[in-house]
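Q: Just passing along the structure, written as structure tokens.
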């Protein structure tokens, strides 16, 4: 499979998996508390959901990530699909968004549970994640057994498969 085809296939798989399991670990780069934390993705889907859309998060103004935006907005995000067969590492920037129409669009009972005063909670902050690059890996069933077999044959399984199930993509 050509690199461009593989990249497109993995990108489509990422968006499909993210739709069914919208949970990521995200953190800021270059701040004292750079730990990643679990957040739930809200996607403003494009007409063709294979191409994904803009990524948003609801946060609280008192959270370390939101407060850390005063130092840097460079962020790193990691993703593992529900079945652990797709993984992603994404770089980008986080931007504060003050758009009531977007808050209304994404608001649901799960988000409401976190905010005492609902959409008018003074802690509520919407963030947009502008991605700059992403690396996506697909884990296939039995890949560990294949790696063991290749190693037994004196081959380097990493070299044999390093690009087969991995691609750098633009989200």
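Q: Take peptides 104-117, 70-83 and line them up by average Cβ neighbours within 10 Å, highest first, as a rough protection proxy.
A: So the peptides 104-117, 70-83, ranked by packing, come out 70-83, 104-117.
Q: Find the centroid of the Cα atoms in the range 64-136 and in the range 29-57, then give the distance between the two in whole Å.
A: Cα centres, the range 64-136 to the range 29-57: 5 Å.
Q: Now, a different point. Which residues does the label zone of residue 78 cover in the range 27-65, counting backbone N under 15 Å from a point 7 Å along Cα→Cβ?
A: 27-29, 34-39
Q: I need the per residue convex hull volume for the range 3-169, using only the alpha carbons, in cubic angstrom as a whole number.
A: 130 Å³
Q: At residue 71 and residue 23, where each label point lies 7 Å from the Cα along Cα→Cβ, what is the point-to-point distance in nanometres?
A: Calculated label separation equals 2.7 nm.
Q: Still on this structure: Which value results when the Cα radius of gyration for the range 1-73 is divided by 2.2 N^0.38 Å?
A: Dividing the Cα Rg of the range 1-73 by 2.2 N^0.38 Å gives 1.35.
All of the numbers you see were taken from the coordinates with simple rules; none came from a lab. Keep in mind it's a predicted model, so treat the numbers as computed, not measured. Neighbour counts run over all protein chains shown; Cβ positions are idealised from the backbone, glycine included.
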